[in-house]
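Read the figures in this text as sums done on the coordinates, not as results from a lab. Predicted, not measured: the structure shown is a model, and the values here were computed from it. Glycine also receives a Cβ, built like all others from the backbone with ideal geometry; neighbour counts cover every protein chain displayed.
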Amino acid sequence: MSNLLSHSIIGFAANSGTGKTTLISHLIPILNERGLKVGLIKHSHHDFDIDQPGKDSYRLREAGASPVVLVSKHRRAIITELAADEPTLAEQLYCFPAGSVDLIIVEGFKHESFPKIELYRAELNQPSLLHTDDPSIIAIASNTENSYNIPSLDINNPEQIANFIIDHMLTRHHD
C-alpha cells in the first residue's frame with residue numbers, strides 16, 4: 001500500500017452497469033479544465049488484445065517479447081503479458097512515474113484499499129451498499145436522497161464530484 005500512498009488516487013467502486021465509465025468520462029474534462037493532469041487505470045475482467053494479428057508488434061509479442069512498446073509522435077502503448085494471477089493496483093502504478101500526473105483515476109480494483117467513491121443507483125436494486133464493508137470508500141455518489149455515514153454526492157453532478165475530489169486531494173496533501 002505504500003506505493004499507493006505516494007500517488008494521488010481516487011477510485012470508483014460500483015456494480016457493473018452503474019455508470020462508472022460514463023461518470024469518469026464527464027469528470028476528466030472538468031478536472032483537466034481545473035489544471036489537473038489525469039491518468040487512468042481501468043481493470044477489466046475480460047481478455048483483450050489491443051494489438052492486431054499481422055502487425056509487426058503482434059508478431060514480435062507472439063515470438064516472446066514482453067513488454068512490447070509501440071510508440072509514435074502521437075502516443076505510446078505498452079503491451080505486457082501477465083501471469084495468470086489477478087493483477088494488483090500497486091503493480092500498475094509503474095505506468096505513472098512520479099510527477100507525470102496529478103491524479104490517477106481507477107475504475108475497478110474495488111476490493112483493494114485506496115480512496116474510492118461508491119456509485120449507487122436505486123433503480124438498479126443493487127444487493128447492498130459497498131461502503132458498509134469497505135472503510136476505504138470515502139463518499140457515495142447516488143441519485144437518491146439518503147443519509148449515509150460518509151459524504152453523499154449527486155451522481156448526476158460531475159462538477160460537485162470534481163470539487164469533492166480536489167478537496168480530498170488538498171486535504172490529503174496537508175495531513
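Partners of LYS37 within straight-line reach, counting aspartates and glutamates whose Cα lies under 19 Å from its Cα and excluding those fewer than 8 residues away in the same chain: ASP102, GLU107, GLU159, ASP167. Extension gain for LYS55-GLN160 works out to 33.4 nm (0.36 nm per residue, less the C-alpha to C-alpha distance). Summing charges over neighbours of THR132, with a neighbour being any other residue whose Cβ is under 15 Å away from its Cβ, gives -1 when K and R count +1 and D and E count -1. The charge dipole of the chain, taken about its Cα centre with unit charges on the Cβ of Lys, Arg, Asp and Glu (plus for the first two, minus for the last two), comes to roughly 600 debye.
Against the chain, whose longest principal axis is taken from its Cα atoms, helix 20-33 shows a tilt of about 90°. Shape of the range 75-118 from its Cα gyration tensor (a ≥ b ≥ c, root eigenvalues): rounded if a/c is under 1.5, otherwise prolate when a/b > b/c, or oblate? Since a/c reaches 1.5 but b/c is at least a/b, the shape of the range 75-118 is classed as oblate.
For the residues VAL71, VAL101, VAL38, a GNM of the chain with alpha-carbon springs under 10 Å puts the largest fluctuation on VAL71.
Extension gain, LEU124-ASP167: 0.36 nm per intervening residue step, less the Cα-Cα distance, totals 12.5 nm. Using the Cβ atoms and a cut-off under 12 Å, what net charge is assigned to the surroundings of GLU112, where Lys and Arg are +1 and Asp and Glu are -1? Overall, the nearby charge balance is -1.
Computed from Cα positions, the angle between helix 158-174 and the longest principal axis of the chain comes to roughly 80 degrees. Over all other residues within a Cβ to Cβ distance under 12 Å of THR22, the charged ones net out to +1, with Lys and Arg as +1 and Asp and Glu as -1.
Highest mobility in the GNM of the chain, judged by mean-square fluctuation with C-alpha springs under 10 Å and restricted to SER72, SER152, SER113, is found for SER72. When the listed pairs LYS73/LYS116; LYS55/LYS110; LYS42/LYS73 are checked against a 30 Å cut-off, the alpha-carbon distance exceeds it for LYS73/LYS116; LYS55/LYS110. Of all the options HIS74, HIS131, HIS26, the one that moves most in a Gaussian network model of the chain with Cα springs shorter than 10 angstrom is HIS74. Which value at 222 nm does the chain reach when only helices count, each DSSP H run of 4 or more adding -39,500 (n - 2.57), with the total divided by all residues and rounded to the nearest 500 deg cm²/dmol? So the helix-based figure for the chain works out to -7500 deg cm²/dmol.
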